[in-house]
Structures are given as structure tokens and as C-alpha cells.
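Worksheet: the structure to be examined is printed underneath.
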Amino acid sequence: MLFYIWLAVFFCSIGSIYAFVPSSNHVGSNSINNRPIIEHESSYKISNTHQTSSSSSTTCLQMALLDDAMKTRLDGIRRSYQALTERLADPDVIGDSNLLRQVMKDRSQSEEVVLVYDDYCRLDEELEGAQELFQDAGDDAEMREMARSEMKEIEVQLEELEAKIKILLLPKDPNDDRNCMLEIRAGTGGSEANLFAGDLLDVYRKFMSNEGYSVKMMDSSAGDDGGYKNVVLEVKGDSVYSKLKWEAGVHRVQRVPATETQGRVHTSTATVAIMVSNSICLVCLICSYHLQSLLTL
């Protein structure tokens, strides 16, 4: 009985050993089974490489398309500018003052962009000519160096013009073409702050005069020792708000004021407020003026 049990265990052991020892066919099947896995991994890496290269080429294509789109947009702006220029000679436009004013306004809005783009196209043509000269120079080292230096100078100018064009193409504030109200209010510093507010008023008046703006004083409160405690101006002209809106905020000065007898440096401030001019602002200004008048009674 024990013999049969031992014999059964013996044959089972042999079968297990035979199952774990790979035959030639088994090795072949394993190599065949493993090969697709390796090939799949390599193909995965290759596909990723193709995907990366295709994505980079797509990015380059998108950049090229963006450049083409920008040039197309600029060409459209130039055509519109030329069409508006031709309309200025139209008798119907000349006979209608309102229409003539609108055409001149639309033309002026795109004039700077067109002029900069014309310079960009001119430099681009000069760059192509310098590149052709460099290629045709052959073994002439002096000619190649001259063409190389010319290309560098033109490329720098093109970069500057391109940056300027991008800024000019940014969307504008809808209030840029409107008139505005400018308020200067003396801050900390006592009498010196009033003098500083008066100096700011003189600076802004000189700037507005150079720009050809129409200035009207709406309200003012003079300081005891000169200057102004508060002053409000109405400014009218071409694109007034676009140039004055950046002046809003607190202005500070450190100097020896005229009222100082011991030569000490004082720090004074004044606040500048820029408001779009409309009927609501005027009503609020009139109401605040009458309210201040009532409070001083």
C-alpha cells in the first residue's frame, strides 16, 4: 500500500518538474508572446514621439497662422484706411459736415497703425534684399559681413515695430475718445499741499494748451497762502480721457516750501480724479457744489 502511495507521489513530482521545465516549443511560444509586448512598448514610444513632433509642428503652424492672421488683419485695416482717405475727396462727404467729421475720426483711429505697418513692410523687404545679398556674396567676406550687419539692424527694428503693432491692435477703452472732468484736491501738508495743487494745475494747463484742448474751470477753492484747496476743470478735445486717465491717483512732493522759514523739507500730497464728462457727472458736481455751499453757511 505504501509502495503505491510512494509511486503516485513519484509520478506527480515528475509531472510537476516537466511542467516547469520549458521545452523548445514552450520557449518559442514565450518568445512569440513576449515579442508583441516589446513591440507594443516600442511602438508606443514611437507613437509618442510622432505625437510630440506633430504637436510641435502644429504649434509652429499655429504660430505661422497667427502671423498670417495678423498680417491679414493689418492689410484689412490698411485697405479701410485707404478707402476712408478716398472718401475725403468725395463731394457728398465734403458737403456734409457731420459725415466729414465722422470719416476723419474713423481715419485718424487707424492712421497710426497703418503708418507703423507700412514701415514694417518696408523693413521686411529690405531684410529680404539683405538676405539675397548675403547669399549672392559668395566668398566675398567683406560683402557678407556688410549684409550680416545690415540684417541684424533690420531685425532689431522689425522687433520694435512688431511690439508696437501688437500694442496698437489691443482693444481700446470705449471712453478714450470722450471728454473728461479733472479734479485736483489738496491732501496732507497744509498750505504747502495747496501750493502743490496749484503747481499741478499749472502743469496740466500747460499740457492741455500744447495738446489743443479746451479747458473750462467749473469750481475752485483758493488756499489761504496761495494755490488751491480744490479745483475742477472740464476738458474737451481729441481723445482727452485716453491721455489724462493715467493721472488719476495720489501725487506726492518732497521739497522746501515757500512758507518754510527754517529750510526744512516737507512732504505734501494732492489727489487727482479723472471722470468721464457726461450729464450725470455734471449734475453730481453741481449738487456737491451747492451742498458744500450750504454747509459753509
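The values are calculated or read from the model by the stated rules, or taken from the named source; none is laboratory data. These numbers come from a predicted model, not from an experiment. A quick note on method: Cβ atoms are made from the backbone with ideal geometry, for glycine too, and the neighbour counts reach across all protein chains shown.
Brief remarks on what is shown
- Qualifying residue in segment 133-155 (condition: under 26 Å from the mean Cα position of the chain (by Cα) and not charged (D, E, K, R)): yes
- Annotation note: of K216, K152, the sole residue that is of a type in the set (D, E, K, R), exposed (fewer than 15 other Cβ atoms within 10 Å of the Cβ) and in contact with a strand residue (DSSP E or B) (Cβ under 9 Å, 6 or more places away or on another chain) is K216.
- Lone qualifier among V283, V231 - being outside any loop (DSSP other than H, G, I, E, B), assigned by TED's automatic domain parsing to the domain that holds S191 and modelled with pLDDT of 90 or more: V231
- Any hit, segment 158-172, residues being within 28 Å of the chain's Cα centre (by Cα) and closer than 30 Å to G138 by Cβ: yes
- Given (1) part of a loop (DSSP other than H, G, I, E, B); (2) surrounded by 14 or more Cβ atoms within 10 Å (Cβ to Cβ); (3) among the charged types (D, E, K, R), index of the condition K172 fails: (2)
- Of all the residues in segment 155-200, those that are in contact with a strand residue (DSSP E or B) (Cβ under 8 Å, 6 or more places away or on another chain) and closer than 30 Å to L123 by Cβ number 0.
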